[in-house]
Every structure is written in structure tokens, then in C-alpha cells.
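Novice: I have a structure I would like to understand better, so I am pasting it below and will then ask my questions one at a time.
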Amino acid sequence: MVSLSDMLNPSNDPPVPWSWAEPLVPGPYNAGTQFKPAMCEFQGKVFLAWATMPSDNNPPSFSFTHWLPSDNGWAPFTVVLLGNAKQCNTSTMVVFKGVLYLFVPYTSVDGSDSACAIYSYNETNFEYVCDWFSPWCTALSAIVHDDILHVVGYNQSDDDHFIWTYSKPDTTDKFRHGLQRELKDQRANLHDYRSILEITLDMETQPPSWSSNVAVPGESGDSGISATSTPTGADAWICFKTHGGYNNLMCRWERKSNSWTSNQPIGDGIILWCENKAALLYSDSWVYAVWNSPLQGGSIYWSRRPMKHISPENWMGSLDDQSISIAALSIPGTHDSATSAWYNPDLGILRTQDMSITQQLNAGIRYLDLRLGYGHRQDTNGAEIKTFVAVHGNFTIDLTVQMIFTMLYEWLDAHPTEAIIAQIKADQDQVTSQKVSNSVNDLVMANKQYWALGETIPTLNQITGKIQLIRRFSRPDAYNGTSTTFGINATSWPNNGQGDINDPLINPDSPPVSIAIEDHYCYDNDGDIALKKKKEMVIDFISRAVSSWDASTEPNAPTNPTWFIGYTSYVTRSVGPNLTLSPTNVVKVFKDVKVADSNFN
């Protein structure tokens, strides 16, 4: 049963990595159909065709469109009239001998005749070719393998069995006959209970032969099945409708186990549910799914997923363009990245991260926000020594900077295709930023091979296997009077605000560096008001980043883009501790207030 909430706020969010479900036609007048659409790749484009939903305003027809070259949606669709006929079942598209064909099962409007009409695409529209006789007036599937066209249908009027035909290698008259071959051994047996069945064709035997039915373990569907694969057949997907339900269920071929994975629903809700199983197509490293909703007049929706499965641990190495500017990438990062090591529950608000730095990197984080200062630790003899450590404000974290850097080195050794951006700040009032700069330099020089210390915004391949330093302090004293660079200069980072960084470069001939920052982190207002203000700041910042893109350079990244670095973390002043107080005084104040921690992503 569909709830009122589902109707008012329908979900359009399939599981990752599928994209949000979108209507085929944006706006209130989406296209609809009563049958599964047909999809095919032709001349590098994804073509989609469907039976136009019948109505008083729509004479019998089918419609078609193609995926836009801009890669952001579908072209306006074209309607092809069927005359004195109406589509009566699922159509299929196939490319054979360089021509795109569409098979349309139909019945005459008065019901006196039935057949399958075949159309060919003439670069602008589909034109009629011929008819196949009435047994082919059924749900159809077509594929070309080794230059041979195969067409399969289903005969429900004569003991439920498949029908199949194929082209002869030397044929010149491609579609005049459609010789029907009965596959009565491949009928669905009653004991299969709508099991998903798999059969294979051996064209080497004479005559060609089909294998016996093999059930896909544990899978059951409501009607037919859609399928697609990569050109090599190494990866494949099937989709079928839930037995007795409306879910699109998807299985993927698992090469390691040489079997199909268990099904995964595309999702729940009136947008993600289907009247017919989704049509599937692999094209240009994407898998497309298109389906018709059961509760919106057959409205057509689509989603797609990248073929390449990118591991969060190695996503940078998976990018096609390794020479892209890192300012042109969307790089996930964390705020106060080292605070998972904070140990005092009385000041839990200081612990902004639950994951260790290594766990963050494994999860795909590549931008680390490191706040450094000094604290006291016990040496092996129990004596207290002053130590360079991670901090949050004036509070020390039980993690030395040497420990942090060692984590980064070890992680890069295990992930040589990746890069890390480390933005480092001195974060204690009683310690000068120059002292922190000198301490960072001492540790960096001990393992200089891991560091990218250029002062300009690099490309990805320039920092692969390294840590790009962004410093919010001056260069170390050892660099005085030299032209040696020590990372990207961000000393004019705006405090609790939004602004641009255009700090001077050591080398005047270097490309200009422009960094835009959104770092409003403290608000006088509480609750919803503070959240609203922060959201407005972030949305404005993202809009600014998008509008800064030079469209003339697409799809390539701009040569010298502005690097936009934004934080979504914040705290309200009335519930957060004053981090400039001493730790003892903060605990006293903090125990008297109610803590609220608001974050959004």
C-alpha cells in the first residue's frame, strides 16, 4: 500500500552507485508508456523508444529519443504514427549490418489483425520496412552476435514456449521472412514458480541447439527479464520485477564466483517502482536503466551508474585524466581531522571525527585539516617532556605529529596512486605559529620524499604518492633569505568567515594562486536559525564555485582555476566552549550548558 508520505515526497534515490531517478521529460508533462521501453546504442548514442501512452489526444504511435552529446539528459522525443494499428507488447531495438532497427508488435485498431512491424532509422526518423506474421506479435528481444541477428519471442497461445529466428550469414534480404523456430523444450515448467531461468545457445552445432533450463538460485520474477553486458561479456546485469510486487530487482554477473549476485532493489516508492521491469543498456562505461512507474500514468524514469567500480581507497588512481588540476576535482575532506583521538567525554564536542585518519583515507577522504601545537607526554622513564602534538584550540590530542605523519607515509606506501592534501594550522594561543612552522619543517625534511612543497595549485599527477602542504603559517626560519617554497601559502585564511586568499608567491614567475574559502564556523544563533545561516553560506559558496567554471574549456579543466575549499561544520556560540580558555575553566563552564552538535553534509 502506498502511504500519503510516499505520494507527497516520493523517493528518487536508488542505492549507490546509481544516479538519482529522473523523469524522461523534466517538468510536469513527463512521457509515459504501458510497456517496457526499448534501448540500443547506435553510432555512439543511446537510443530509447517506447509505446506512446494511448489517450484521446494521442493517436496510436511510438516515440523515440536519444541521450544528448552533452551527457546531461535526453533530447526532445519524436512521435511516429502507427496508422490503423496500436503497439500491443514490448518492442526491441537492434543494430544489424550498420542499421538501427525497431521491432514493434502491434494489433489493428479493430483487433482483426496482429503482426510485428519492423522500422529502420534513417538518421532523422524511423521508417517502415516490413511486417513479420502474427506469431511475432509478442514481447521481443533481439541481439547480434558474431554478425548474426537473433530474435526471440514467446508463444503463449500454444503451450507456452519460446520462438526464435536468426539470420543466415549470407543473407541479403534481412527481414522478409522471420522464420519461426519452436523451442518447446525451453517452456517454463509449473514447478519453477516463476524462477529466473537461464539457457544458452550453441551455434557451432548443426542445427544450432539450446541448453536445458538452469534456474538462477534464489531468484523469482513477475514477468520477463532485461539484460545487458559489456562488449566483452565480462560484466553483465539482469533486471526483473518482484514476483507479486513493483520493485525493479537487479543482479550482476560476478566473475570471481562465475555466478549471478543476489538481487538488489533499485528502491521503493512511486518513482522507483515499475509497471514493467526496467530496460537495461551498457554504453560508454555506463549502465542505463529506464522504467515506467505503475502509479503515474506509466511515467518514464531513468537512472544510470558508472560501469567502473571505484574503490574509495583508490579513487584518484581510477580517474581517466591524471593531469587535471586538483582545483577542478571534488575532493572530500574533514574538519579537525585528528580529533578521533580525543579522550575526555566531558568535552565530547571537541571530538569532531569518529574515524581515525587511516580510516578516513580508506573511506575516500583526501583533504585533512590538521591543527598542531604542544603538549606534555611521558617518556619511557615516566618523565614529562614537551611534545609536538595535534590540538583542538588549546586542548591537546593524544596523538603526536610524528604519529600522524607516519600514518600518512604508511598509507601512501600502500596506495601509490593516491595523493593527500594536508592543510596545517597552529591552533594554540600560547604558541607562536612560527614555532609550529619550524617544527613541521623538521619532520617534513626527515621524510621529504613524501611531500609536495610547491607553492602553486598542482595537477593530480604532480602530487601522486605525496602530501600537498597548505600552510596557514609563515615559512620556517630556515628558509629566510631563500626562494625555497614550503607549500601553498594560506596565511591570510579568513577567520570565521568567507573570503579569498591571494597571498604573495616566492617565485614571481609562478602561475597565480587563487583560493576561495568558506569557513563560517561559529554563530550566535541557536538551532534552526544557525543551521539555516550555515546552509545559506554553503549554498552560496557552491553556486559561486559552479559559476566560476569557464564553460569554453569544457570538458577539460581550466588552466588556472580558483580552488574552492568549503567547510560545512559549525557550532553555536551559546553551547560551545570557548576554546581560548584554559582546559580547566572550560570544563567548569561546559558542564553548565546543554550541548548541541549540528552538522550537515
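Novice: Condition first: of a type in the set (A, V, I, L, M) and farther than 13 Å from residue 87 by Cα. Now tell me which residues in region 44-65 satisfy that.
Specialist: 46, 48
Novice: Here's another thing I want to ask about it. If only one of 101, 154 is in contact (Cβ under 8 Å) with a residue 12 or more places away in the chain and within 23 Å of residue 24 (Cα to Cα), which one is it?
Specialist: Values: 154 fails: within 23 Å of residue 24 (Cα to Cα).
Only one candidate passes the filter, namely 101.
Novice: Does any residue in region 431-443 that is hydroxyl-bearing (Ser, Thr, Tyr) come within less than 8 Å, Cβ to Cβ, of a residue that is assigned to a helix (DSSP H, G or I) six or more places away or on a different chain, and which pairs are these?
Specialist: Taking only residues 6 or more apart or on different chains, the pairs are 437/477; 439/401.
Novice: Hey, among 330, 325, 283, which residue is surrounded by fewer than 16 Cβ atoms within 10 Å (Cβ to Cβ) and of a type in the set (S, T, N, Q)?
Specialist: Values: 325 fails: surrounded by fewer than 16 Cβ atoms within 10 Å (Cβ to Cβ); 283 fails: surrounded by fewer than 16 Cβ atoms within 10 Å (Cβ to Cβ).
None of the other options fit; the residue is 330.
Novice: Taking region 309-351 as the search range and keeping residues that are of a type in the set (Ser, Thr, Tyr) and over 26 Å from the mean Cα position of the chain (by Cα), which one is modelled with the lowest pLDDT? Spell out how you get there, then give the answer.
Specialist: We begin by selecting, within region 309-351, every residue of a type in the set (Ser, Thr, Tyr); these are 311, 318, 323, 325, 330, 334, 337, 339-340, 343.
Keeping just the survivors that are over 26 Å from the mean Cα position of the chain (by Cα) gives 339-340, 343.
Numbers: 339: 89, 340: 87, 343: 72.
Only one residue tops the list, namely 343.
Novice: Looking at region 366-383, can you tell me whether even one residue there is among the small types (Gly, Ala, Ser), touching a strand residue (DSSP E or B) at 6+ places or on another chain (Cβ under 8 Å), surrounded by 19 or more Cβ atoms within 10 Å (Cβ to Cβ) and within 29 Å of residue 311 (Cβ to Cβ)?
Specialist: Looking through region 366-383, none of the residues is among the small types (Gly, Ala, Ser), touching a strand residue (DSSP E or B) at 6+ places or on another chain (Cβ under 8 Å), surrounded by 19 or more Cβ atoms within 10 Å (Cβ to Cβ) and within 29 Å of residue 311 (Cβ to Cβ).
Novice: Quick check on my filter: what residues within region 6-31 are modelled with pLDDT under 80, over 12 Å from the mean Cα position of the chain (by Cα) and under 20 Å from residue 274 (Cβ atoms)?
Specialist: Result: 6, 7, 9, 10, 11, 12.
Novice: Is one or more of the residues making up region 187-194 at pLDDT below 65, loosely packed, with under 13 Cβ neighbours inside 10 Å and assigned to a loop (DSSP other than H, G, I, E, B)?
Specialist: Just the residues of region 187-194 that are at pLDDT below 65, to begin with: 187-193.
If we keep only those that are loosely packed, with under 13 Cβ neighbours inside 10 Å too, we end up with 189-191, 193.
Then drop every residue that is not assigned to a loop (DSSP other than H, G, I, E, B), which leaves 189, 193.
Yes, the conditions are met somewhere in region 187-194.
Novice: Also, I was wondering about something else. Regarding region 62-69, can at least one residue be identified that is outside the structural domain of residue 300 (by TED's automatic domain parsing), at pLDDT below 95 and either surrounded by 15 or more Cβ atoms within 10 Å (Cβ to Cβ) or over 25 Å from residue 272 (Cα atoms) (or both)?
Specialist: yes
Novice: Looking at the structure I just gave you, is residue 244 over 26 Å from residue 42 (Cα atoms), of a type in the set (Gly, Ala, Ser), in contact with a strand residue (DSSP E or B) (Cβ under 9 Å, 6 or more places away or on another chain) and in a loop (DSSP other than H, G, I, E, B)?
Specialist: Values: over 26 Å from residue 42 (Cα atoms): yes; of a type in the set (Gly, Ala, Ser): yes; in contact with a strand residue (DSSP E or B) (Cβ under 9 Å, 6 or more places away or on another chain): yes; in a loop (DSSP other than H, G, I, E, B): yes.
Against the criterion (over 26 Å from residue 42 (Cα atoms), of a type in the set (Gly, Ala, Ser), in contact with a strand residue (DSSP E or B) (Cβ under 9 Å, 6 or more places away or on another chain) and in a loop (DSSP other than H, G, I, E, B)), residue 244 qualifies.
Novice: Residues that are in a loop (DSSP other than H, G, I, E, B), buried (at least 21 other Cβ atoms within 10 Å of the Cβ) and of a type in the set (Val, Ile, Thr): does region 411-422 have at least one?
Specialist: Filtering region 411-422 down to residues in a loop (DSSP other than H, G, I, E, B) leaves 415-419.
This time we only want the ones that are buried (at least 21 other Cβ atoms within 10 Å of the Cβ), so: 418-419.
Filter once more, so that each one left must be of a type in the set (Val, Ile, Thr): none.
No, region 411-422 has no match at all.
Listed here are the residues, each with its yes/no results for (1) modelled with pLDDT of 80 or more; (2) of a type in the set (Ser, Thr, Tyr); (3) in the same structural domain as residue 394 (by TED's automatic domain parsing).
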| residue | (1), (2), (3) |
| --- | --- |
| 522 | yes, no, yes |
| 526 | no, no, yes |
| 544 | yes, no, yes |
| 550 | no, no, yes |
| 553 | no, yes, yes |
| 563 | yes, no, yes |
| 569 | yes, yes, yes |
| 579 | no, no, yes |
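Novice: Please give the number of the condition residue 424 fails out of (1) in contact with a strand residue (DSSP E or B) (Cβ under 6 Å, 6 or more places away or on another chain); (2) farther than 23 Å from residue 325 by Cα.
Specialist: Of (1) in contact with a strand residue (DSSP E or B) (Cβ under 6 Å, 6 or more places away or on another chain); (2) farther than 23 Å from residue 325 by Cα, only one is false for residue 424: (2).
Novice: Find the residue count for region 248-262, including only residues that are closer than 30 Å to residue 42 by Cβ, in contact with a strand residue (DSSP E or B) (Cβ under 8 Å, 6 or more places away or on another chain) and not in a strand (DSSP E or B). Spell out how you get there, then give the answer.
Specialist: Keep residues of region 248-262 that are closer than 30 Å to residue 42 by Cβ, which gives 248-255, 260-261.
Going one step further and asking which of them are in contact with a strand residue (DSSP E or B) (Cβ under 8 Å, 6 or more places away or on another chain), we end up with 248-254, 260-261.
Still in the list and also not in a strand (DSSP E or B): 261.
Count: 1.
Novice: Take the residues in region 218-274 that are under 19 Å from residue 142 (Cα atoms) and of a type in the set (Phe, Trp, Tyr); name whichever of them is surrounded by the fewest Cβ atoms within 10 Å (Cβ to Cβ).
Specialist: 237
Novice: Scan region 500-512 and tell me whether some residue there is under 22 Å from residue 416 (Cβ atoms) and either of a type in the set (D, E, K, R) or touching a residue at least 12 places away in the same chain (Cβ under 8 Å) (or both). Give the steps one after another, and end with the answer.
Specialist: Keep residues of region 500-512 that are under 22 Å from residue 416 (Cβ atoms), which gives none.
No: zero hits.
Yes/no per residue for (1) under 26 Å from residue 209 (Cα atoms); (2) more than 32 Å from the chain's Cα centre (by Cα); (3) surrounded by fewer than 17 Cβ atoms within 10 Å (Cβ to Cβ):
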residue: 77; (1), (2), (3): no, no, no
residue: 86; (1), (2), (3): no, yes, no
residue: 93; (1), (2), (3): yes, no, no
residue: 127; (1), (2), (3): no, yes, yes
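Novice: If I filter region 432-454 for residues that are of a type in the set (A, V, I, L, M, F, W, C) and under 31 Å from the mean Cα position of the chain (by Cα), do I get at least one hit?
Specialist: Of region 432-454, the ones of a type in the set (A, V, I, L, M, F, W, C) are 436, 440, 443-446, 451-453.
If we keep only those that are under 31 Å from the mean Cα position of the chain (by Cα) as well, we get 451-452.
The answer is yes, given that some residue of region 432-454 is of a type in the set (A, V, I, L, M, F, W, C) and under 31 Å from the mean Cα position of the chain (by Cα).
Novice: Of these, 443, 368, which one is part of a strand (DSSP E or B), assigned by TED's automatic domain parsing to the domain that holds residue 327 and modelled with pLDDT of 95 or more?
Specialist: Values: 443 fails: part of a strand (DSSP E or B).
Exactly one residue qualifies, and that residue is 368.
Novice: Test residue 291 against the criterion of being touching a Pro at 6+ places or on another chain (Cβ under 6 Å), among the aromatic types (Phe, Trp, Tyr) and within 21 Å of residue 32 (Cβ to Cβ), and give yes or no. Walk me through it before giving the result.
Specialist: Numbers: touching a Pro at 6+ places or on another chain (Cβ under 6 Å): no; among the aromatic types (Phe, Trp, Tyr): yes; within 21 Å of residue 32 (Cβ to Cβ): yes.
So residue 291 fails the test.
Novice: Look through 540, 519, 509, 524 and report the one residue that is in contact with a Lys or Arg (Cβ under 9 Å, 6 or more places away or on another chain) and not polar (S, T, N, Q).
Specialist: Values: 540 fails: in contact with a Lys or Arg (Cβ under 9 Å, 6 or more places away or on another chain); 519 fails: in contact with a Lys or Arg (Cβ under 9 Å, 6 or more places away or on another chain); 509 fails: in contact with a Lys or Arg (Cβ under 9 Å, 6 or more places away or on another chain).
Checking each option against the conditions leaves just 524.
Novice: Considering each of 513, 538 in turn, give the residue that is closer than 20 Å to residue 334 by Cβ, out of contact with any helix residue (DSSP H, G or I) (no Cβ under 9 Å at 6 or more places or on another chain), surrounded by 14 or more Cβ atoms within 10 Å (Cβ to Cβ) and in the same structural domain as residue 567 (by TED's automatic domain parsing).
Specialist: On the way: 513 fails: closer than 20 Å to residue 334 by Cβ.
So the residue among 513, 538 that is closer than 20 Å to residue 334 by Cβ, out of contact with any helix residue (DSSP H, G or I) (no Cβ under 9 Å at 6 or more places or on another chain), surrounded by 14 or more Cβ atoms within 10 Å (Cβ to Cβ) and in the same structural domain as residue 567 (by TED's automatic domain parsing) is 538.
The values are calculated or read from the model by the stated rules, or taken from the named source; none is laboratory data. All values derive from a computational prediction rather than experimental measurement. Here the Cβ is made from the backbone with ideal geometry for all residues, glycine too, and neighbour counts use every protein chain on show.
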